[in-house]
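What follows is a short report on a single structure.
The values are calculated or read from the model by the stated rules, or taken from the named source; none is laboratory data. Note that the coordinates shown come from a computational prediction; the quantities given were computed from them, not determined experimentally. Note: ideal-geometry Cβ built from the backbone for every residue, glycine included; neighbour counts use all protein chains shown. Just the protein is used for accessible areas: all its heavy atoms, side chains included, with ligands, DNA and RNA removed. Shrake-Rupley method; radii C 1.70, N 1.55, O 1.52, S 1.80 Å.
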Amino acid sequence: AEDLYFHPLALPMNNLLEAEAFSSVRDEILMAAEQISSLSAPIHLISPPTIDGSLAIAPLEAALIDSKLPYKRRFTSQSSEYFPSIKVLGNLSDSESFFRSDPLSISLGTIVVVGLTGYLGTPKRGPLTAVAQAHALAQTISPSSNRLRRLRPWALSGNWLNKALETTFDPVFTSIRDFLLSEGSIRVVPITEVRNPNLEN
């Protein structure tokens, strides 16, 4: 029977940082959120003009607005030096740091992490995207943000757009999907149960 009482906006958000996929960036996200929350100057949100960039900036804006923290947003493909800042990048290389405190600079970009641990203890790796990292950072800044609650299902969108999902099993996507499913933010149903599917998608 159809669940007529499914209201995800009324449900609390569990801490996204508790998902296994975020273990390698958990400490940096906590430190970054603490510094952002204490800022008096506006923080600069910088992103390339792409769908991934827009999806990464959206939860950060939601959290900053609900926390009444000042910010400025800039879409650019050029390298920009604004501080304090959160920059959305394509991929983070081994030489790039996620978090720098002085001056405050946070770089969000796809990194390969352990998404799940297999039955025999084998680590299953996949891409942790800038979008997923942005959602975790945003929730740490504003844990009870109503705007962020509405955006919650979009935490999966970075992995949905990532090419890894088209070619192989993505353990990070699976980890975040199961996390959102367990807290009631999304439902996973067969396509035959969708009354009016959007065929353009």
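Going by the alpha-carbon gyration tensor, a ≥ b ≥ c the square roots of its eigenvalues, is the chain rounded (a/c under 1.5) or, if a/c is not under 1.5, prolate (a/b greater than b/c) versus oblate?
Prolate.
Suppose every Lys and Arg Cβ carries +1 and every Asp and Glu Cβ carries -1, with no other charges. What dipole size does region 50-192 come out with about its Cα centre, to the nearest 20 debye?
Taking the Cα centre of region 50-192 as origin, the dipole is about 400 debye.
What ³J(HN,Hα) values, in whole Hz, does the Karplus curve 6.51 cos²θ - 1.76 cosθ + 1.60 give for region 162-179 when θ = phi - 60°, with x put for Gly and Pro?
Coupling constants for region 162-179: 6, 5, 4, 5, 7, 10, 7, 6, 10, x, 6, 4, 5, 4, 5, 4, 5, 5 Hz.
Need one number: nm distance between label points at Asn91 and Asn146, each 7 Å from Cα along Cα→Cβ, rounded to one decimal.
Label at Asn91, label at Asn146, 4.2 nm between them.
Please give the contour-minus-distance gain from Asp102 to Glu34: 0.36 nm per residue of separation, less the Cα-Cα distance, rounded to one decimal in nm.
Length gained between Asp102 and Glu34: 23.1 nm.
Full-extension gain between Ile51 and Asn198, please, as 0.36 nm times their residue separation minus the C-alpha to C-alpha distance.
51.0 nm
Loop by DSSP (not H, G, I, E, B), at most 15 other beta-carbon atoms within 10 Å: where is the longest site-free stretch of the chain for GluC sites (Glu not before Pro)?
Longest run free of exposed loop sites: 97-199.
Specify the angular offset, from 0 to 90 degrees and rounded to the nearest 10, of the alpha carbon long axis of helix 26-37 from the longest principal axis of the alpha carbons in the chain.
Computed tilt is about 60 degrees.
If you filter region 38-132 for trypsin sites (Lys or Arg not before Pro), then keep DSSP loop positions with at most 11 other Cβ within 10 Å, what is left?
Lys68
Check each of the trypsin sites (Lys or Arg not before Pro) in region 127-201 and keep only those in coil by DSSP with at most 16 other C-beta atoms within 10 angstrom; list them in order.
Those satisfying the criteria are Lys163, Arg187, Arg195.
Does anyone have the angle between helix 51-66 and the longest principal axis of the chain? Alpha-carbon axes, 0 to 90°, nearest 10?
Roughly 70 degrees between the two axes.
For the chain, report the accessible area per residue in Å² (1.4 Å probe, heavy atoms, rounded to an integer).
Dividing the accessible area of the chain by its residue count gives 57 Å².
Rounding to the nearest 10 and keeping the result within 0 to 90°, find how far the Cα-based axis of helix 130-141 lies from the longest principal axis of the chain.
On a 0 to 90 degree scale, this one is about 70.
Which percent of the accessible heavy-atom area of the chain goes to carbon and sulfur, probe 1.4 angstrom?
52
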